[in-house]
Amino acid sequence: MRKSVVAIVGRPNVGKSTIFNRLVGERISIVEDVPGVTRDRIYAEAEWLNNTFNVIDTGGIDLSDEPLLVQIREQAEIAINEADVIVFLVNGREGITAADEEVAKILFKSSKPVVLAVNKIDNYEMQDLLYEYYSLGLGQPMPISGTHGLGLGDVLDEVVKHFPTDVQQDEDDERIYFSLIGRPNVGKSSLVNALLGEDRVIVSDVEGTTKDAIDTEFKREGEEFTIIDTAGMRKRGKVYESTEKYSVLRALKAIERSDVVLVVIDADTGIIEQDKRIAGYAHEAGKAIVIVVNKWDTVDSSQDAMKKFEDDIRKQFQFLSYAPVVFLSAATTKRIHTLIPRIIQSSENHSKRVKTNLLNEVIEDSLAINPTPSIKGQKLKILYTTQVATKPPTFVVFVNDPSLMHFTYERFLENRIREAFGFDGTPIKIYARQRS
Ligand code: GDP
Ligand code: GDP
């Protein structure tokens, strides 16, 4: 299922990031203890009335060398391309400016639903300031105060009304959705072309995706695949398309819709910090992951070199120990046949469900090998384990006291589960819950 996306637009200092931070709250702070992995501060999850959606702060896409009007236009375009609903924010204390009118004009011409929010209306006496904003032609202006948190609920009520209803992907859709992420020039588009070869079956504008995103469908080895488009595949020369923030945003959106994410790295340039950050996003999202080392034609391609490169990957991407590594060349198509089987395997493992009785047998055997630890004289007791979810496989271990579950013991159980059931290519999650 794809989450709806809301973008906040408006000229600098109207309060976009203040509103953004209120919407996403502490979700923005990172969930996992992976060094270097943080959610980007311009794209994050928010929730309102049982709707989970993503919010983009277009102001966070840094185009600072450009004139104000260019920035404003491009940010409005990002919103139109990337979002289902746009919140257009103006500053109620300053009245309508030329830049506001410019944004209004662009939004008016698009077919995207727009909610006009007038910020910095900090108290009721200031309500009269609203009226002039009717002239922007974008419907009823709604008063809010980012700093005081007033009016935000009404704006969100209006926003969720406009969420598309067709964004749900079919539950028993058997297709494997995957995306390719990686820094510019690692060879993502070349790899897509090499994969498709002559067999390009359908290039379709899939319902419910933004106008710009083109999903490519193909069949191979008895499976059906959809490649989800990410930034950098079809640039059209907009200023924002070459910014790092924008490509991260597109990558995060693509990751979200994927079952499997191919983390593409360049054998020629080796692994750099940016590769780790990008891989971190996929890991954090709980997707199946295949690491693809492209441009293998440019280096000494002996078995030894492969082993050395893989060791380096294991060292640099410790949090991806479950991800298989594939070496290939998109340019020469050498070893490219090794990729599809890995995608299939990782996807199968990502949605695998194991039988409860087998699972508990494995846990009992594990307890016999390595008894549970004690903390301050209190011994951890494991009563029962069950798989509660797939994509990624998620297990709940019922225990006497969850605080006694040390992460090293959890890691031990994870390894045992992996050895017993084979979860190559997918992260798995384990939670300890109290049951007396
Ligand atoms: P952005 O550039 O659009 O992201 O704007 P910011 O969120 O950085 O806010 C710009 C300034 O306006 C900051 O000093 C905020 O504290 C202030 N501000 C934001 N919302 C409100 C509000 O509702 N009332 C008042 N009085 N100030 C606000
Ligand atoms: P993207 O920005 O990640 O989509 O990268 P591109 O697919 O546009 O490739 C960037 C450059 O790397 C282009 O000049 C490609 O021809 C080149 N390239 C891509 N794959 C390979 C490969 O396997 N070997 C070599 N030698 N060059 C490659």
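From a point 7 Å beyond the Cα of residue 175 in the direction of its Cβ, which residues of region 373-409 have a backbone N at a distance under 15 Å? Residues passing the 15 Å test: none. Taking Lys and Arg as +1 and Asp and Glu as -1, the other residues whose beta-carbon sits under 11 Å from that of residue 418 total -1.
When only the Cβ of Lys, Arg, Asp and Glu is charged (+1, +1, -1, -1), the dipole of region 176-350 relative to its Cα centre reaches about 440 debye. The residue among 285, 319, 20 whose Cα reaches farthest toward the positive pole of the charge dipole of the chain, with charges on the beta-carbon of Lys, Arg, Asp and Glu, is 319. Count the net charge of all other residues whose Cβ sits under 15 Å from the Cβ of residue 134, scoring Lys and Arg as +1 and Asp and Glu as -1. Value of the local net charge: -4. If only the Cβ of Lys and Arg carry +1 and only the Cβ of Asp and Glu carry -1, the dipole of the chain around its Cα centre is close to 940 debye. How much net charge surrounds residue 288 when only the other residues with a Cβ under 11 Å from the Cβ of residue 288 are counted, with Lys and Arg +1 and Asp and Glu -1? Here the count lands on +1. Computed 3J(HN,Hα) for region 87-93, one whole-Hz value per residue from the Karplus formula 6.51 cos²θ - 1.76 cosθ + 1.60 where θ = phi - 60°, is 9, 9, 9, 10, 9, x, 8, glycine and proline marked x.
Applying a length cut-off of 18 Å (Cα extent along the axis) and a mean Kyte-Doolittle floor of 0.0 to the DSSP H helices of the chain leaves 68-82, 356-369.
Across all directions, the average flat footprint of the convex hull enclosing the Cα atoms of the chain is 24.8 nm².
Using a Gaussian network model of the chain in which every pair of alpha carbons under 10 angstrom is joined by a spring, one finds that among 12, 113, 373 the greatest mean-square fluctuation is at 373. Placing unit charges on each Cβ (+1 for Lys and Arg, -1 for Asp and Glu) gives the chain a dipole about its Cα centre, and among 85, 61, 431 the Cα reaching farthest toward its positive end belongs to 431.
Sorted from longest to shortest, the spans of the Cα atoms of region 35-160 along the three principal axes equal 48, 36, 27 Å.
Considering every alpha-carbon pair of region 356-434, the percent of pairs per 5 Å bin, from zero through the bin containing the longest distance, is 3, 15, 29, 29, 15, 6, 2, 0. Helical runs assigned H by DSSP (4 residues or longer) give the chain a calculated mean residue ellipticity at 222 nm of -10000 deg cm²/dmol, each run adding -39500 (n - 2.57) before division by the residue total. Among 287, 188, 308, the residue with the largest mean-square fluctuation in a Gaussian network model of the chain, with springs joining Cα atoms closer than 10 Å, is 308.
Under the convention that each Lys and Arg Cβ holds +1 and each Asp and Glu Cβ holds -1, the size of the dipole of region 4-162 around its Cα centre is about 200 debye.
Across all directions, the shadow cast by the convex hull of region 176-350 built on its C-alpha atoms averages 9.9 square nanometres. Over region 4-162, what is the percentage of antiparallel beta bridges among all DSSP beta bridges, to the nearest 5? Taking every DSSP beta bridge within region 4-162, about 30 percent pair in antiparallel fashion. Estimated from the Cβ-Cβ distance and a Förster radius of 25 angstrom, the FRET efficiency linking residue 298 and residue 274 is about 0.85.
Taking θ as phi - 60° and the Karplus parameters 6.51, -1.76 and 1.60, the scalar couplings of region 322-328 work out to 7, 7, x, 10, 10, 9, 7 Hz in sequence order, x denoting glycine and proline.
Here, each number is a calculation from the coordinates, and none is a lab measurement. Values in this document were obtained by computation on a predicted structure and should not be read as measured data. Cβ: placed from backbone, ideal geometry, glycine included. Neighbour counts: every protein chain shown.
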